[in-house]
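Worksheet: the structure to be examined is printed underneath.
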Amino acid sequence: MLDIIRNNKKITQIFLALITLPFAFWGVESYVRNADVGVGVATVGDAKISRQELQSALREQQDRMRNQLGGKVDPAMFETPQVRRAVLDSLITQRLLAEQARQSKLTVGNEQLVQFIAAVPSLQENGKFSKERYEALVAAQGMSKEMFEARLRQDMAMQQLMLPVTEGGIMGQVAFGRWLATQMEEREVAEARLLPEAYVSQVKLAADAVQKYYEANRKQFELPEQVRAEFLVLSRDALTAQTVVGDEEVKAQYQSRTDRYKEGETRRASHILIRAGKDAPEAEVKAAKAKADEILVQAKRSPADFAKLARLNSQDPGSAEKGGDLDWFGRGMMVKAFEDTAFALKEGQMSDVVRSDFGFHIIRLTGVRPEQVKALADVKAEIQADLKREAGAKQYAEAAEAFGNMVYEQSDSLKPAADKWKLELRQTPWLAKGGKLATPFDNPKLVAALFSDDGLKNKRNTEAVEVAPGTLVSARVLEHKPAALQPLEAVKAEIEKRLVRDEALNLAIKDGEAKLAKLAKGDAVDLKWSPAHSVSRTTAQGLAPDAVRAVFKADAGKLPAHAGVAYPGSGYALYRITSVKAGVAAKDDPRGRMLAQQFSRLVAEEEFAAWMASLKERYPVEINKAVLESKDR
């Protein structure tokens, strides 16, 4: 709902994307301003952003990502300094805007708020505001109406505050022309690659290089703590699969729900359409109507030729080639005017010209299937599946608590639970602590229980952990390997290979830089150049961003010009620039229009950034780095 406001203005939407993380509503200052909730992680003017607010924002983002990714999100990624700072910056920006909105005395009146809410299409039913839909939306946000509407007012006030800034920037034509010329300038470029593999034979490692690397990087060669475990999965799906449904149950279900298996009346029709949209000019509508009337005369004169007339005249590409045939349809599948006419005709009858939002139709009814109840044989499989799902869900609800109790009370074995619920007792391969594990051990709570002291030392069953909706898992350690340092002999070859590769890479980069220096002096250098191709800043033709920057940074006053780029891990690349074509955009060039929009956004972003900088001067921002980086969260 709050996103609807942000979509009203395109540039405003861009900035809302820049300054807020996807999970964040605009903060309502009145709800948090006077709350004393512990040590602040930052202050904005006189307002404090508490540690609890930051944690809440991180949890909301985590929940959103979990929903988007199907429940598979590593919580640790939200505790990185980069993510925590990004979330905090978003909260700071929100607080700055809230403070400025308050100082500017921007308000949204009740009438304005009511008009906005009533006009939202998703909150309407049959063209009228639906109180039920509105209440469902508010409930889905987990808020009271008062808080929801307060936040909505805040969002609308924010838009009032931001629009003059985000849409007030003026794009200077001279500056734009220069920028456009640089973006569309084209350079003819050939490439020569210096790969590390070509320098391996030149590498000579010191006798103690491997030993020194091993001692300096022992952590790299530690094998993590590992366990091998057995586990049980109690799932709603497994219990459903075990359920057997008899024919008598199916028959009883069918007889008790006959209405569910009714098929409404369906009809089959062919039509000829002459297009004239509902907003078409009057002259176009009259011409379309006249043509439809003319075709109707022909069709009524010779009904047998209806399919031929449809192929020749109908402007509905989906049905014209099929002689106008629309196949079978029920009520609610066609536009109202068409449906009303089709369901009023008798089989074989042809309509007069009918107007709809698409144009003018001539309809011929070709078949009628009266309402009927599906036979039991036709719906037996569907009923069986429904009954099995219902039974499986009921069994799971009854079994979940008992399963949890049994694996806890009989903690030295999973076999009793496996026997009781006819579950397969499975075993894992070795699982490394902190590694990327397959389902269901990608669940942090289950892994933590497995590697707990109780799990490792006493080899007791873990608690029953819900790893997904309708799925419980309990596991028990069978074998345990503590973390251990691999001996030098086991990793010697790997280290030597790594050191040789690194040194070869360094040699390739040094040689590339030396060759570039010679080329700059005009000296001849033996290189294998690729065929030349044209590149621009907007059309890189396979060049990496660093390469594009280097190519266009090179002084092309005297050709050929040269540039070079070191590629970490893959060597060095030299580029020869043989020609330069000035950037000019034709009036009908779509790239010019796209770049104009991009430049406009850049100007607006600069304006917005400058405005935010001024707000930070007006309402000083201080970040408590000790709290932000504290592990005690």
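The values are calculated or read from the model by the stated rules, or taken from the named source; none is laboratory data. This one's a predicted model, so the numbers in the text were calculated from it and none came from an experiment. For neighbour counting, all protein chains shown are included, and Cβ atoms are generated from backbone atoms with ideal geometry for every residue, glycine included.
Going by the structure shown, is LYS420 in the same structural domain as VAL465 (by TED's automatic domain parsing), of a type outside the set (S, T, N, Q), touching an Asp or Glu at 6+ places or on another chain (Cβ under 6 Å) and surrounded by fewer than 18 Cβ atoms within 10 Å (Cβ to Cβ)?
Values: in the same structural domain as VAL465 (by TED's automatic domain parsing): yes; of a type outside the set (S, T, N, Q): yes; touching an Asp or Glu at 6+ places or on another chain (Cβ under 6 Å): no; surrounded by fewer than 18 Cβ atoms within 10 Å (Cβ to Cβ): yes.
Judged against the criteria, LYS420 is not a match.
Consider the range 292-319 and keep the residues that are touching a residue at least 24 places away in the same chain (Cβ under 8 Å) and touching a helix residue (DSSP H, G or I) at 6+ places or on another chain (Cβ under 8 Å). The one that is nearest to THR366 (Cα to Cα) is PHE306. Evaluate the range 526-536: report whether one residue or more is surrounded by 14 or more Cβ atoms within 10 Å (Cβ to Cβ), of a type in the set (Val, Ile, Thr) and within 27 Å of TYR213 (Cα to Cα). No - not one qualifying residue is present in the range 526-536.
Within the range 175-198, residues that are more than 29 Å from LEU507 (Cα to Cα) and among the aromatic types (Phe, Trp, Tyr) sit with their Cβ atoms under 7 Å from residues that are modelled with pLDDT under 85 and buried (at least 16 other Cβ atoms within 10 Å of the Cβ), at 6+ positions apart or across chains, in these pairs: PHE176/PHE599; TRP179/PHE599. Taking only pairs six or more apart or across chains, which ones have beta-carbon atoms under 7 Å, a first residue in the range 78-97 that is farther than 17 Å from ARG59 by Cβ and in contact (Cβ under 8 Å) with a residue 60 or more places away in the chain, and a second residue that is among the β-branched types (Val, Ile, Thr) and surrounded by fewer than 21 Cβ atoms within 10 Å (Cβ to Cβ)? Once the first residue is farther than 17 Å from ARG59 by Cβ and in contact (Cβ under 8 Å) with a residue 60 or more places away in the chain and sits in the range 78-97, its partners that are among the β-branched types (Val, Ile, Thr) and surrounded by fewer than 21 Cβ atoms within 10 Å (Cβ to Cβ) give ILE92/VAL621; THR93/ILE19.
Give the number of residues within the range 551-582 that are within 24 Å of ARG501 (Cβ to Cβ) and either free of Cβ contacts under 8 Å to residues at least 60 places away in the same chain or in a loop (DSSP other than H, G, I, E, B) (or both). Break it down into steps so the answer makes sense when it comes.
Taking the range 551-582 as the starting set, the residues that turn out to be within 24 Å of ARG501 (Cβ to Cβ) are 564-574.
Cutting the leftovers down to either free of Cβ contacts under 8 Å to residues at least 60 places away in the same chain or in a loop (DSSP other than H, G, I, E, B) (or both) gives us 564-570.
Count: 7.
For first residues located in the range 40-61 and under 19 Å from GLN100 (Cβ atoms) and in the same structural domain as ARG85 (by TED's automatic domain parsing), partners that are assigned to a strand (DSSP E or B) and among the charged types (D, E, K, R) and lie 6+ apart or on another chain with Cβ distances below 7 Å form the pairs ALA42/GLU622; THR43/GLU622. Going residue by residue through the range 80-92, is there one that turns out to be outside any helix (DSSP H, G or I), at pLDDT below 85 and in contact with a helix residue (DSSP H, G or I) (Cβ under 9 Å, 6 or more places away or on another chain)? Scanning the range 80-92 turns up no residue that is outside any helix (DSSP H, G or I), at pLDDT below 85 and in contact with a helix residue (DSSP H, G or I) (Cβ under 9 Å, 6 or more places away or on another chain). Go through the range 442-466 and give me each residue that's hydrophobic (A, V, I, L, M, F, W, C), touching a residue at least 40 places away in the same chain (Cβ under 8 Å) and either outside any loop (DSSP other than H, G, I, E, B) or farther than 20 Å from LEU239 by Cα (or both). Hits for the range 442-466 are LEU450, PHE451, LEU456. Taking LYS374, is it at pLDDT 90 or above and not hydrophobic (A, V, I, L, M, F, W, C)? Against the criterion (at pLDDT 90 or above and not hydrophobic (A, V, I, L, M, F, W, C)), LYS374 does not qualify. Only residues that are in contact (Cβ under 8 Å) with a residue 60 or more places away in the chain, out of contact with any strand residue (DSSP E or B) (no Cβ under 7 Å at 6 or more places or on another chain) and within 30 Å of GLU284 (Cβ to Cβ) were counted across the range 356-396, and they come to 1. Do we have LEU239 as modelled with pLDDT of 90 or more and either touching a Cys at 6+ places or on another chain (Cβ under 8 Å) or closer than 30 Å to SER474 by Cα (or both) here? For LEU239, the condition - modelled with pLDDT of 90 or more and either touching a Cys at 6+ places or on another chain (Cβ under 8 Å) or closer than 30 Å to SER474 by Cα (or both) - is not met.
Against the test of being over 37 Å from the mean Cα position of the chain (by Cα) and not polar (S, T, N, Q), the options LYS433, LYS422, LYS445 yield a single qualifying residue, LYS422.
Taking the condition of being polar (S, T, N, Q), surrounded by 17 or more Cβ atoms within 10 Å (Cβ to Cβ) and closer than 30 Å to ARG537 by Cβ, how many residues in the range 182-229 meet it? Can you show your working first?
Of all residues in the range 182-229, those polar (S, T, N, Q) come to 182-183, 201-202, 211, 217, 220, 226.
Narrowing further to those that are surrounded by 17 or more Cβ atoms within 10 Å (Cβ to Cβ): 183, 226.
Next, from what is left, pick out any that are closer than 30 Å to ARG537 by Cβ: 183.
Number satisfying all stated conditions: 1.
Does ALA310 satisfy being closer than 18 Å to PHE338 by Cβ, assigned to a strand (DSSP E or B) and among the small types (Gly, Ala, Ser)? No, not satisfied.
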